[in-house]
Amino acid sequence: HRHLLGIEPLHPTEITTILDLADRYADLNRSALKRANALEGLTQINMFFEASTRTQASFEIAGKRLGADVMNMAMQASSIKKGETLIDTAMTLNAMHPDLLVVRHPSSGAVNLLADKVNCAVLNAGDGRHEHPTQALLDALTIRREKGRLHRLTIAICGDIAHSRVARSNLILLGKMENRVRLVGPPTLMPSQIDQFGVEVFDDMRAGLEGADVVMMLRLQRERMDGGFIPSEREYYHRFGLDAEKLSYAKDDAIVMHPGPMNRGVEIDGTLADDINRSVIQEQVEMGVAVRMAAMDLLARNLRAARTDKGVMA
Ligand code: CP
């Protein structure tokens, strides 16, 4: 592949290849000298049109650990503010010959549109409600490390599914790897075309969590609710917030995940989120760096191979 725009186009063996390499980078990241040269001489530009802590920081760290020249575009201070379009902005940066473009955008499909116009590899860092592929990959790596496998697991994805690109990328990935995926949440926060994914749907947390190996919580994405149904936080926490009592319906060794940012006391109890015996939230963040290193390394190999084929200096 030239780009990483979503989980949808990936074959299960390609997912495994990314995770295997990420596992090796996870070891490197725990060592004293966190340095490799897979991106030596390459230029990486991060363009975030939407707020981010984890994704932006980890893409920057990932690029630097692999030797790339990394630039974070301050989109709030860019000429987007003067009316320049996304495509014109991308074409302007493209003329400076970047090799890797990491893009987050509030509109679904915006990153795919941009990828068609530029000469470099594009990585989707989250587009609207569409996809967040590196999040699903880091979640998959965390699950594989914790459970020793990434197949035949029962995984409950809970909360605001309708507005979540994290849920969408995860259910595509986990389905491809032959897991049993359940979606748990209020019917008003379920996507309308859910049948195509072959998942089970629950509106009761205890029934949805029964016997689960993995419980993945999601944030209420108020910024994407544009005047539609907005539940009261108290009522939502009572019915759908994860606490020790609701978790007791899952397997005894079930792990608790959350992509972040989390709202304590809304979708998850703060004490449970901090419980290192159950919660793997910090490991997810750690795996985020490793997965992004692996994804950029593999795309850079493809980029170099394509340039060599064209007779361009790799
Ligand atoms: N999980 C995630 O995408 O977090 P950020 O919005 O902080 O990048």
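Which of rounded, prolate or oblate describes segment 1-112 when judged by the alpha-carbon gyration tensor and an a/c cut-off of 1.5? Provide the component values of the computation, followed by the final result.
On the way: a/c = 2.01, a/b = 1.48, b/c = 1.36.
Prolate, because a/c is 1.5 or more and a/b exceeds b/c.
If one takes the longest principal axis of the Cα atoms in the chain, at what angle in degrees, from 0 to 90 and to the nearest 10, does the Cα axis of helix 165-176 lie?
90
If you place +1 on the Cβ of every Lys and Arg and -1 on the Cβ of every Asp and Glu, how big does the dipole about the Cα centre of segment 196-308 come out, in debye to the nearest 20?
It comes to approximately 740 debye.
Suppose every K and R has +1 on its Cβ and every D and E has -1 on its Cβ; what is the size of the dipole of the chain about the Cα centre, in Debye to the nearest 20?
Dipole of the chain, to the nearest 20 debye: 760 debye.
Name the residue, out of 16, 53, 134, whose mean-square fluctuation peaks in a Gaussian network model built on the chain with Cα pairs under 10 Å.
Among 16, 53, 134, the largest mean-square fluctuation in the Gaussian network model of the chain belongs to 53.
Taking a 28 Å limit on the Cα-Cα distance, which of the listed pairs 176/251; 82/117; 81/117; 34/310; 34/176 fall beyond it?
Cα-Cα > 28 Å for 34/310; 34/176; rest within.
By its C-alpha gyration tensor, with a ≥ b ≥ c as the square roots of the eigenvalues, how is segment 158-292 shaped: rounded for a/c under 1.5, else prolate for a/b larger than b/c, else oblate?
Here segment 158-292 falls in the rounded category.
What number does the chain give for Rg over Rh if you use C-alpha atoms and the Kirkwood radius? Each step should come with its number before you reach the end.
Working: Rg = 19.5 Å, Rh = 20.1 Å.
Rounded to two decimals, Rg/Rh equals 0.97.
Need one value: the accessible area of residue 154 in square angstrom, 1.4 angstrom probe, rounded to the nearest 10.
The value for residue 154 is about 20 Å².
Any chance you could look up the accessible area of residue 129 with a 1.4 Å probe, heavy atoms only, rounded to 10 Å²?
Here the accessible area works out near 100 Å².
Kindly work out what percent of the DSSP beta bridges joining two residues of the chain are antiparallel, to the nearest 5.
Approximately 5 percent, going by the DSSP bridge assignments.
Report the full-extension gain for the segment residue 223 to residue 239: residue separation times 0.36 nm, less the Cα-Cα distance, to one decimal in nm.
3.6 nm
Between residue 200 and residue 274, with labels modelled 7 Å along Cα→Cβ, what's the label distance in nm to one decimal, could you check?
Calculated label separation equals 3.4 nm.
Accessible surface of residue 309 in the full protein assembly, 1.4 angstrom probe, to the nearest 10 Å²?
In the full protein context, residue 309 sits at about 140 Å².
The values are calculated or read from the model by the stated rules, or taken from the named source; none is laboratory data. A quick note: this is a predicted structure, and the numbers were derived from the prediction, not measured. All Cβ positions, glycine included, derive from the backbone under ideal geometry; neighbour counts span all protein chains shown. The protein model used for the area step is the full one, side chains on, heavy atoms only, and it has no ligands, DNA or RNA in it. Shrake-Rupley method; radii C 1.70, N 1.55, O 1.52, S 1.80 Å.
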